[in-house]
1. How big is the accessible area of ASP321 in square angstrom, nearest 10, if you roll a 1.4 angstrom probe over the protein chains?
2. Straight-line reach from LYS159: which lysines have a Cα under 21 Å away, not including same-chain ones fewer than 8 places off?
3. Tell me the accessible surface of GLU348 in square angstrom (1.4 angstrom probe, heavy atoms of protein chains only), to the nearest ten.
4. Give, in nm to one decimal, the length gained when the segment between HIS267 and LYS219 is fully stretched (0.36 nm per residue of separation minus the Cα-Cα distance).
5. Rank these residues by their accessible area, most exposed first, probe 1.4 Å: ARG336, ARG183, ARG325.
6. Set the bar at 25 Å for Cα to Cα. Now go through LYS107/LYS206; LYS320/LYS346; LYS206/LYS346; LYS219/LYS350; LYS219/LYS320; LYS200/LYS350 and name every pair that lies beyond it.
7. Separation between the HIS70 and LEU164 pseudo-spin-labels, each 7 Å from Cα along Cα→Cβ, expressed in nm?
8. Around PRO104, what is the net charge, scoring Lys/Arg as +1 and Asp/Glu as -1 over all other residues with Cβ under 13 Å from its Cβ?
Amino acid sequence: MRLHRTLLALSLIAALSACTAAQDESSDAKPVQETAPAEVANPMASFARMVPGEWRMTTPAGTSTFDTWHWGPGQHSMRVMTDGAGSGAVAEPWRELQVFYWHPGRKQVCMLGLSPFARGVSEGTIQFEGRTADGVFDLYQTYGLRKLGLRWDFDGPDKYHDILLEATGSAGLEPMNEWDHFRSKGPPAPRPPTVGEAPKLSERLKPLESLLGRTWEAKGDWVTGDAFHIRSTFEWIPYADGIYARTVALAQDGEPVHLLDAYFFHHTGTDALRCLALSNRGGVYEGDMTVLDGGALQLDLRGYEGDHVVPHVVRFDFEKDGTLRDRVWSLEGTDRKLMLDVHHKKVEPKKN
């Protein structure tokens, strides 16, 4: 059963990425530039101020953080890695992950955060207005749910004031703490060494362990007849204990096209293994993982694609030749339409 679960994430990435790649290459599909002309407001445009460079913050107590921001596929999302270091002769490091993305169904910029502190998982929304940004989010931790808010106030291109708010009573959100962040465009600051034992993958993510440190490949044909060739890599994020997957489309010539980002994590509030996948066409896919009777795997996804909400069912079957058969259906009422049927395999490293 563990083998099945370790390949589940790969199947999801291959399925969604293949769908994205085929739609991009289909003769009747418009290029991304045509579907999002310059005169249409980009809801993620305000986040462009966060790149390039590294944002550093030091508290009066001596604790420092270092934020690095990265665009997601199609610039419909941004991924933020926060490295932290305490004060003293030997600093204990930690790491957090945040994802900000435009959700076409909610018509809002949503946020997902993973923190090592009490296995924190945060979910909420954020909105820019000029030089300020305000957000609200739920923080699920091992000891309960907290209602929090954030407020950013930018002072020029390289500094912003950050206020964390919390609702602890009937007064609603009230300031809890605040810091100043400064951009540094030089080399990243040195990170402190790990103290004691290095972090290990949690038992909750063990089913996905065999995906890490490998490259996975899928080739096939879309139902329209268009061919696709994609590769996916998986990275474990220590301390935050999430898995980041990145998928690109390969061509005979030219640079690989960044198709999909996906995040796998254990949700502290729901006790489920969750996935959030974001495509270069702005699609958002959310769902839980389950194991069916007989060992088959199924992922029930809710896909938000433009103004459409399309439920998907993804099924995985393991063939005798060692390949993984991956099928994806879209659901419309009681009708099930096959969107993808593909086999994929692990890419073996080249020998010297």
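The values are calculated or read from the model by the stated rules, or taken from the named source; none is laboratory data. The structure presented is a predicted model; accordingly, all values stated were derived computationally and were not measured. Cβ coordinates were reconstructed from backbone atoms using ideal geometry, including for glycine residues, and neighbour counts include every protein chain displayed. With ligands, DNA and RNA removed, areas are computed over all heavy atoms of the protein, side chains included. Shrake-Rupley method; radii C 1.70, N 1.55, O 1.52, S 1.80 Å.
1. 110 Å²
2. In chain and number order, the partners are LYS185.
3. Its accessible surface works out to 120 Å², give or take rounding.
4. 14.1 nm
5. Correct descending sequence by accessible area is ARG336, ARG325, ARG183.
6. The pairs that break the limit, which is 25 Å between Cα atoms, are LYS107/LYS206; LYS200/LYS350.
7. Here the answer is 2.4 nm between the modelled labels.
8. Here the count lands on +1.
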